[in-house]
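Comments concern the structure below.
Please treat every number below as a calculation from the coordinates, not as lab data. Keep in mind the model is a prediction, meaning the values are calculated, not measured. Don't worry about glycine lacking a Cβ; one is built from the backbone with ideal geometry, like all the others, and counts go over all protein chains shown.
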Amino acid sequence: MKSFAQVAIPHEDVAKGRLTIDVFAADLWQVACGKAPLDYQDPDLFFRKTYMTRNLRNILEIAKARLEGRGGDSIIQLQTPFGGGKTHALIALYHKAREWNAKVVVFDGTSLDPKEVKPWEEVERQLTGRIEITRGDISPGKDKIIKLLSENAPVLILMDEVLTYITKASGVKVGDSNLGAQTLAFIQELTGAVAAVGNSLLVLALPTSVLEHYDENAERAFQQLQKVTGRIEKIYTPVEDEEIGGVIRARLFSRIEEKEVKAIVDDFIEYARREGLLSEEEVANYREKFLKSYPFKPEVVDILYKRWGSFPTFQRTRGVLRLLSLVIHDLLNKNIPFIRLGDFNLGNDEIRRELVKHIGSEWDSIIAQDITSGDSGAKKVDDSLGSSYRPYNLGTVVSTTIFMLSFSGRGERGASIKEIKLSTAHPEFPSTVIDTVISNLRERLFYLSDEGLFFANQPNLNRIIIVREESIPKDEILEKEKEVIERCISRSPKFRVYIHPKLSNDIPDTAELKLVILNKSKPDAEFLEKHGESPRIYRNTLIFLCINENEKETFYSYLRKYLALSSIESDEKLMLTDSQRKEVKNKLKSHEQRKYEELRRYYNKLYLPARDGYREIVMGIPTFGESSLDKEVYEFLKEQGEILEKVSSRVIRDKYLPDKDYIEIKKLYDAFLKTPGEIRLSSKEGFIEGIKEGVKNGLFGFGYISDGKIDCQWINGIPAVNLEDGEIIIKPELCRKEIEIEEKKVTIQPKEEITAKPEVKEQKVVVEEYGGKYYSKLSLKLRVPAGQISTVARIISYLRSKFNRCAVEVILHASDGKLQATEYENKVIEALNQAGIEVEKLDED
């Protein structure tokens with residue numbers, strides 16, 4: 001789309017910023033005296049910049065007919081609100097009457113001094129150049145006035161600001177009367193005389209605004225004036241509401257490319273229809289209004305003329321023209337296709353002053369704080385929307401629109417979201433983004449009312465919260481931080497958790513894994529190296545969770561607001577509305593729901609013991625749905641391979657056994673706990689399981705070391721590992737070699753009984769062969785004392801090396817105790833099933 005300034009070309013005075021109020025202040029007396037600005041003094045220029053409204057054209061036609069003696073209304077009253085175009089109409093009559101060769105009398109009550117000038121004398125002076133038949137303090141009577149008019153006809157008498165003159169004249173004594181009363185009498189006589197002289201016309205401009213009547217006496221005079229003229233006058237309003245757009249365009253723009261206007265308007269209408277901003281029933285009317293108001297959106301004219309124009313101090317035509325000329329000049333270098341309410345630059349002193357003077361000076365600081373200053377809420381919203389929307393300054397545009405919709409002399413304020421979207425939307429972005437902007441503005445503006453989308457001069461809940469935030473001491477914030485952490489700890493058995501320890505001896509030197517949460521960006525070396533005055537032994541069991549300094553201000557801001565909201569909710573003395581209390585409750589609920597996410601964004605750096613100090617790992621964004629800090633840390637480290645629930649038997653073999661014949665198991669486990677950077681196990685059970693698995697799969701053997709002598713007792717089976725001194729794992733080849741040696745030492749004598757102690761039952765098949773006897777088959781039933789299972793396991797391993805088939809059946813008896821059924825299923829049967837052991841239940845009670 002083209003820039004509006006390429007389609008609607010401003011008049012030179014608008015484009016160059018010659019925007020003093022005099023340019024728009026139509027003054028009939030100055031025109032009559034030849035001292036008015038050229039826009040009003042020069043008839044051709046005046047009519048080029050005048051939009052010929054229906055009523056103005058009608059008034060001129062009536063005046064022409066009357067002055068030519070063709071009949072018609074003899075008295076016309078122009079009555080509009082303050083600034084409604086009546087003086088402009090009088091000037092138009094002045095220029096046309098002179099064009100029609102009629103004599104024109106101009107009476108301007110604001111320019112004449114009652115002590116020096118009597119209205120009847122002024123009429124005679126302007127018609128004849130002298131004062132003879134009307135001289136005196138008393139109204140001359142209708143006959144003298146008829147004679148005066150008849151001798152000088154055709155005559156047009158234009159009277160503006162008559163009420164002002166009467167109000168002043170009431171203070172001038174005339175015998176037992178006053179000049180005000182005499183002026184009323186004169187006007188009554190004048191209306192009769194004009195009616196009697198067929199080619200004369202009296203036009204009076206009277207206000208409707210009570211403010212212009214000054215006081216009760218002026219109001220009474222106004223009522224009397226209405227009675228005097230009301231018998232024969234015809235009342236006209238020069239500018240109807242729907243014509244104000246044409247008045248604006250004619251006065252502010254020298255040329256408008258209507259074809260281009262149609263293209264721009266049609267593009268917007270199609271966009272608004274597509275976005276659901278206009279219904280099919282609304283499209284035609286809105287399009288017609290936009291074509292008439294361009295380059296201004298229809299809302300601009302409506303809001304200024306109807307809402308702001310309802311202020312008694314706001315001149316509806318002159319005030320709108322003055323304000324819009326300033327806006328045009330401010331926007332000339334902006335590449336925008338049309339002008340919205342949100343494009344009014346409230347940071348421009350002249351534009352802001354044109355508005356603030358009607359609503360109160362306190363709004364200067366409110367506008368600055370919420371909309372125009374560099375750190376205002378609106379500017380923060382501008383920046384928060386991302387690079388795609390940042391060029392549109394939507395925070396400023398939307399907040400300015402809401403501001404412009406917030407005022408009316410009749411009490412109207414605010415608008416619906418749909419109305420705001422229609423007023424601020426632009427075909428270059430989806431209108432849904434306005435919803436986000438409004439939501440953000442509600443959070444950031446201090447004077448956007450909690451009761452609706454309008455500004456108020458009392459702070460909203462946001463401001464109350466900010467004030468409360470500013471009063472919260474730092475100690476209270478730190479205490480809240482610790483409380484939030486404690487509420488986000490599950491006390492899982494995976495970790496022992498220590499929150500904000502101050503000294504190294506606040507963390508015990510034990511074998512279990514410990515999560516140490518520090519409110520600093522990195523742990524001190526002392527925590528790893530010391531336990532009080534002693535060296536720390538179990539260093540590899542420490543895991544530190546530290547803060548991200550970049551998130552500190554965000555997290556503390558969150559805590560500060562959390563505390564402020566809690567304080568406000570519990571403060572019964574605070575006079576909040578029901579809706580504000582509901583909003584506090586909702587905000588507090590939202591903060592509670594965000595508690596874990598905010599905490600995790602702040603606490604997201606892990607430090608693990610390493611050979612040269614610490615190794616840093618950043619956890620990244622919080623896990624969706626997680627609410628337990630220690631649980632998430634554990635799962636994260638487990639996924640990263642930093643915590644193992646079971647050590648791999650192959651890792652044990654490949655990493656710790658390749659250049660050694662054996663390793664003492666307890667010492668290896670202690671190394672995991674004590675050596676920074678070593679394997680980190682969640683429990684000793686995971687370590688024992690890895691040892692057992694390695695022995696079972698033959699990756700290494702299991703046995704004992706005593707006096708430097710290796711005693712391999714197990715390979716390709718499952719040993720009992722107790723993490724006791726002397727337990728070792730052995731290179732598999734050494735273990736097999738030792739077993740072979742032991743086997744050669746074993747000699748079975750003929751008829752020798754092989755039994756287990758104590759013996760229950762023994763079956764054997766003895767075969768004689770050259771060189772001795774041997775057993776081809778054994779079947780033993782054993783009753784085994786507690787603690788001797790490992791002996792049986794060694795025998796089974798040995799027999800497996802001698803027989804191709806070796807099956808073991810176990811009958812287990814347990815009595816004189818109690819075991820819950822769930823424990824039986826989960827601990828006994830499940831464990832046997834996991835090991836692939838078939839179970840036949842013989843007896844239960």
Cα centre as origin, Lys/Arg/Asp/Glu Cβ charges: segment 649-745 dipole, Debye: 260 debye
Around E529: net Lys/Arg minus Asp/Glu count, Cβ-Cβ under 10 Å: +1
Mean shadow area of segment 1-144, taken as a quarter of the surface of its Cα convex hull (nm²): 11.9 nm²
Relative contact order [Cα under 8 Å, 6+ residues apart], the chain, whole percent: 8 percent
Cα-Cα pairs of segment 468-577 separated by more than 16 Å (percent): 66 percent
Segment 251-313 - Rg (one decimal) and Dmax (whole number), Cα, Å: 13.5, 40
Qualifying chymotrypsin sites (Phe, Trp or Tyr not before Pro) in segment 599-683, DSSP loop, other Cβ atoms within 10 Å at most 16: F624
Loop-resident sites, segment 352-422, for GluC sites (Glu not before Pro), counting at most 12 other Cβ within 10 Å (DSSP): E362
At 0.890 mPa s and 25 °C, Stokes D of segment 340-458 from Kirkwood alpha-carbon radius, µm² per second: 173 µm²/s
Largest-first principal axis extents, alpha carbons of segment 143-186, Å: 34, 23, 10
Alpha carbon centroid spacing (whole Å) that separates segment 453-481 from segment 498-530: 35 Å
Sparse-neighbour loop sites [trypsin sites (Lys or Arg not before Pro); segment 316-360; at most 16 other C-beta within 10 Å; DSSP]: K334, K357
The chain: angle of helix 394-404 to the longest principal axis, Cα-based, in degrees nearest 10: 40 degrees
DSSP bridge pairs, the chain: antiparallel proportion in percent, nearest 5: 55 percent
Amide H contacts under 5 Å for I339, placed H, 5+ residues apart: F296, K297
Ranked W100, W363, criterion: other C-beta atoms within 10 Å, fewest first: W100, W363
Lone cysteines, the chain (no partner Cβ under 4.7 Å): C33, C488, C546, C806
Taking segment 340-458 and dividing mean pair separation by its residue count, relative contact order in percent (alpha carbons under 8 Å, at least six apart): 28 percent
Solution diffusion estimate, µm²/s, Stokes-Einstein, segment 649-745, Kirkwood Rh from C-alpha pairs, 4 °C, viscosity 1.567 mPa s: 96 µm²/s
Signed unit charges on C-beta, dipole axis of segment 649-745, positive-most listed residue S649, I730, G703: S649
Relative contact order computed over segment 469-625 (Cα-Cα under 8 Å; 6+ residues apart), in percent: 23 percent
Distant-in-sequence amide H partners of E161 (H built 1.01 Å from N, under 5 Å): G109, A205
Rg and Dmax [Cα atoms of the chain; Å; Rg one decimal, Dmax integer]: 50.2, 176
Compactness of segment 87-133 - radius of gyration and Dmax, Cα, Å: 12.1, 34
